[in-house]
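Since the structure comes first, as structure tokens, the remarks are kept for the end.
The values are calculated or read from the model by the stated rules, or taken from the named source; none is laboratory data. Quick caveat, the model's predicted, so the values are computed rather than measured. Cβ coordinates were reconstructed from backbone atoms using ideal geometry, including for glycine residues, and neighbour counts include every protein chain displayed. When the accessible area is computed, the model is the full protein with side chains, heavy atoms only, and any ligands, DNA or RNA have been set aside. Shrake-Rupley method; radii C 1.70, N 1.55, O 1.52, S 1.80 Å.
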Amino acid sequence: MRGGEMRLLGFLQIIFFVVGLSFPAYSQQFERLLRDFDSNALTQADKRFLQTALAFEGDYIGLLDGAWGRLSQRAMEQYSRREYSTASEDWHMAMLAYGFFSKWSESGWRIEYIPKLGLSFLIPKEAVVIDPPSEYFANIRHTKSSLSISTGVHRTETAVRFHEFTLSEASRTKDPYVVRKKGLAVTSIIKPDGSALYTRSDYINGAWSTIMLSANRYDANVLGAVSSSIQKGYAPPIIFTQGGYLENILKQTNELLAAMEREEEKPGDQRAATTPPKAKRGGQGSQGSGFFVSDQGHVLTNAHVVETCSRFTVDGESATLVGQSKTFDLALLRTELPIGRTFARFSPSPPQLNSDVTAVGFPYSGLLGGLNVTRGAISALQGLGGDETTLQISAPIQSGNSGGPLLGDDGEVVGVVVSKLDAKLVSEVLGDVPQNVNFAVRGEIAKLFLSQNGVDPVNGETDLPLDGVTLARQAQAFTVQIVCE
């Protein structure tokens, strides 16, 4: 048995023990998930789907053509090594796809054929703003990132000027990427501030169809995915094959997760590996945290904070439940936004590993009193068991922190505090006491949940770090205490 397989089996044994599953039965039923990744089992559509997912991860830079060569294989292996520290296995495809589904659905990404250009490329159909046209370009912006897309049809001398302009913007420390072929010109550069500028011109029907892309350094993956998708003529949709190998792996992974969830919900002495950091689950006086996310008084918190409530208040004011998701452990309330209070802005891009974060909330209310702020870092980009909807953080959290905002160093929301590892249980199972192993729902998932419930999350407009005092003062203006009865 390979090392990666041993590690996964060992981890699943711990998880199955914690939630009371019978490991041998499940390991046999789902052993296909542990096989070595083999692209030969995939259709061309499956391969193209995975190439697109890897492009959004930043691992793949190449054509989205379904031809699985050296670049595609290296990208898959890079993804697996970074995320799971093993060689690529079939279950990694499912995890990659789940992360991709979130990005795909949040923005409505689609391959669109533009007849005027004679080109097809990815466009975020559900998250796009049309800006006023300039002299040479039609312009659109992605509302979920800093990506801008400009398109136009030009004469040769005009197209040449655009590529010369792109080269003139290049940083002196980063070499530009330049392609000059018959009927094709590509210029891609990194600017001195770290942002990216990409220009491509294709000679079609006697003129040059030009696409210019720009994005800040945090959204380089998005720009890379769009640039990789550009293709002459009509391009088919990005979909996996119905009944194909990739779909079967996704179904098996769903079945495994569903089986684990069913066991977790059984009555009796079932113990979870993580515990929500709140005083009580329901009952008189149960308390948690939350934060305003709109000027209409919408408040985001955890579903487990309010799931057993008959009524609840936000900073002492009555609130109503708008929606909740047990899958994401998120809930949306609504109350009046008090005068002098504001709402939180979200980070337009995911946090980076080891980046500084601050957890804000109302732990141990009545004992500590008032808003509490703790600092830490992003310890891992996935939660327990590689859960891609959560982040692991080292910022200390306590009972009552559930639902509070997790902020980046610029004061923008990068997550929602949700749980901490059950130190006593892990000590019993592994013989070691974990230190500051806590979790937060990813900011991207929180934004998706808000969009699904009719609230358009607002992204911040600056990446400038704040000093600790200023960050706490800003957080105080939108963080709230929730009391459940």
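Structure data summary
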{"quantity": "Residue check, M95 in a helix (DSSP H, G or I) and within 15 Å of the chain's Cα centre (by Cα)", "calculated": "yes"}
{"quantity": "Residue, farthest from P236 (Cα to Cα), within the stretch 124-147, restricted to residues that are part of a strand (DSSP E or B) and open to solvent by 20 Å² or more (accessible area, probe 1.4 Å)", "calculated": "D131"}
{"quantity": "Any pair with Cβ under 7 angstrom, 6 or more apart, that starts in the stretch 92-121 at a residue that is in contact (Cβ under 8 Å) with a residue 40 or more places away in the chain and at positive phi and ends at one that is assigned to a strand (DSSP E or B) and not basic (K, R)", "calculated": "G118/I204; G118/S209"}
{"quantity": "Residue in the stretch 64-73 that is buried (at least 21 other Cβ atoms within 10 Å of the Cβ), among the acidic types (D, E), modelled with pLDDT under 95 and in a loop (DSSP other than H, G, I, E, B) present", "calculated": "no"}
{"quantity": "Qualifying positions in the stretch 344-366 - farther than 21 Å from L147 by Cβ and touching an Asp or Glu at 6+ places or on another chain (Cβ under 6 Å)", "calculated": "D356"}
{"quantity": "Odd one out for V305 among (1) closer than 20 Å to V458 by Cα; (2) within 25 Å of the chain's Cα centre (by Cα); (3) open to solvent by less than 40 Å² (accessible area, probe 1.4 Å)", "calculated": "(1)"}
{"quantity": "Selection within the stretch 206-221 - modelled with pLDDT under 95 and not small (G, A, S)", "calculated": "N216, R217, Y218, D219, N221"}
{"quantity": "The one condition in (1) open to solvent by less than 20 Å² (accessible area, probe 1.4 Å); (2) free of Cβ contacts under 8 Å to residues at least 24 places away in the same chain that A196 fails to fulfil", "calculated": "(2)"}
{"quantity": "Candidate set: the stretch 229-246, residues that are closer than 21 Å to L213 by Cβ and more than 26 Å from the chain's Cα centre (by Cα); chosen: the one most open to solvent (accessible area, probe 1.4 Å)", "calculated": "Y234"}
